[in-house]
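Let me give you the structure first, and then I'll get to my questions.
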Amino acid sequence: MSQQQCRWGILSTAGIAKKNWHSILNSGNGVIRAVASRSTAKAQQFIDECSASVPAPYPVEALSSYEELLSRTDVDAVYIPLPTGIRTEWVIRAAQAGKHVMVEKPCGVTSADVQRMLAACDAAGVQFMDGVMFMHNARLAAMRQVLDDGISVGTIRRIASQFSFCADESWVQSNIRASAQLEPAGCLGDLGWYTIRIILWAMRYEMPVEVRGRILHGVQRPDSSDVVPMEFQGELHFASGVSATFFNSFRANHQQWAHISGTKGYLAVNDFVLPYFGNEASFDVGNHNFAADGCYFNMERHLSVRSVSEYSNNHKNAQETALFRNFSELVNSGRRDPFWGQAALQTQQVLDAALRSANSGCGPVNPLG
């Protein structure tokens, strides 16, 4: 008996959608029915380019409008990688058309946008999920076990994370992530979504009571209505006493690490967003010890490397494939999981608070206030 298939439509031909073309094909429980752009030619070009790299074993139709995709009866779910500035409208329209929605991040310009998206999905009885791939990898479950064992890390006291890459001036002047109209949160939206999410994940989604943010560097292009963050730092404080910090930048070379410190040790992962190329995903657990004996003062290194068998990219057990497989499983099963919408909303609320703080003297902001 053949496995039930979630029938996908891709709404937009953004670059990240090429990776997820392959993810859907690898999922085993999803198929791509159509790709929509503002013109048939552009949609067909996308399909041709993807097919040249990873051919679909069936025809995929090119559509000339997003409306045409949402009206199709052979599409169960849509993947929406549109720019953030225009994303809310199409998520809501997709939900109203009865389509399950996976949306790229940041989900909205503000948390009010995300609340409108979730309300539309709830009203239509469709699943909502953001496209955060690392949430679906096998390593995350192994990291959770370490944090929860009470021995390896102990009680969490401090979390730090960084996600950055260095963009040249031509990128700054041309990419939508430096446009206030399309991506107003800049590096905070594009990269901070991940660093905020890993902090919330580590805290089991306890919300901070205080958020501070600072724009370390911003740009305002001639075609942009406002300054867009190119480098951003944030600080979170929790009622439980834990503190956290994150740093995002389009001006520092590739880094994507998280460090979770506790009373007994720490957990460190150096590639939490996109695992380094290979067939294993790993992280470190440190339980170093200071030993003093007379005149001898020794810092003893006690470090273990934990790993899971998981390919990093374009593989049937890679995290991006698991993202689409897990979503398709929900659609095919007919059940909805509200966790994904709530996690997206909380991430957006912290992001909003950090930006409000940065734009109002860097003072404390309650993300729920």
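If I ask for residues that are outside any loop (DSSP other than H, G, I, E, B) and farther than 16 Å from residue 25 by Cβ, which ones from region 64-79 would you list?
Selection gives 66, 67, 68, 69, 70, 78.
May I ask you to list the residues in region 28-68 that are in contact with a strand residue (DSSP E or B) (Cβ under 8 Å, 6 or more places away or on another chain) and among the hydroxyl-bearing types (Ser, Thr, Tyr)?
Selection gives 37, 40, 58, 64, 65, 66.
Residue check: is residue 328 modelled with pLDDT of 95 or more and assigned by TED's automatic domain parsing to the domain that holds residue 184?
No, not satisfied.
Ok, one more. I'd like to check something: does region 2-24 contain any residue that is more than 18 Å from residue 133 (Cβ to Cβ) and without any contact (Cβ under 8 Å) to a residue 12 or more places away in the chain?
yes
Among the residues of region 342-369, which ones are part of a loop (DSSP other than H, G, I, E, B) and in contact with a Pro (Cβ under 8 Å, 6 or more places away or on another chain)?
Listed by number, the list holds a single entry, 367.
Something else now. Looking only at region 188-245, which residues are charged (D, E, K, R) and out of contact with any Ser or Thr (no Cβ under 8 Å at 6 or more places or on another chain)?
Result: 190, 204, 210, 226.
Could you please tell me which pairs satisfy a Cβ distance under 8 Å, a separation of 6+ or placement on different chains, a first residue in region 326-339 that is in a helix (DSSP H, G or I), and a second residue that is surrounded by fewer than 16 Cβ atoms within 10 Å (Cβ to Cβ)?
Qualifying pairs under 8 Å: 330/337; 332/4.
Also: What single numbered condition from (1) under 16 Å from the mean Cα position of the chain (by Cα); (2) modelled with pLDDT of 95 or more fails to hold for residue 267?
(1)
Can you run down the residue pairs with Cβ atoms below 7 Å, 6 or more apart or on separate chains, where the first is in region 170-187 and under 20 Å from residue 89 (Cα atoms) and touching a residue at least 40 places away in the same chain (Cβ under 8 Å) and the partner is of a type in the set (Val, Ile, Thr) and assigned to a loop (DSSP other than H, G, I, E, B)?
Note: pairs meeting the criteria are 184/109.
Exactly one condition in (1) under 19 Å from residue 347 (Cβ atoms); (2) free of Cβ contacts under 8 Å to residues at least 60 places away in the same chain; (3) in contact with a strand residue (DSSP E or B) (Cβ under 7 Å, 6 or more places away or on another chain) is false for residue 107; which is it?
Checking residue 107 against (1) under 19 Å from residue 347 (Cβ atoms); (2) free of Cβ contacts under 8 Å to residues at least 60 places away in the same chain; (3) in contact with a strand residue (DSSP E or B) (Cβ under 7 Å, 6 or more places away or on another chain), the one that fails is (2).
Considering only residues that are of a type in the set (Gly, Ala, Ser), surrounded by 15 or more Cβ atoms within 10 Å (Cβ to Cβ) and not in a loop (DSSP other than H, G, I, E, B), which ones fall in region 147-183?
Across region 147-183, the qualifying residues are 160, 161, 164, 178.
The values are calculated or read from the model by the stated rules, or taken from the named source; none is laboratory data. Source: prediction; values computed, not measured. Neighbour counts are summed over all protein chains in view; Cβ atoms, including those assigned to glycine, are modelled from backbone coordinates with ideal geometry.
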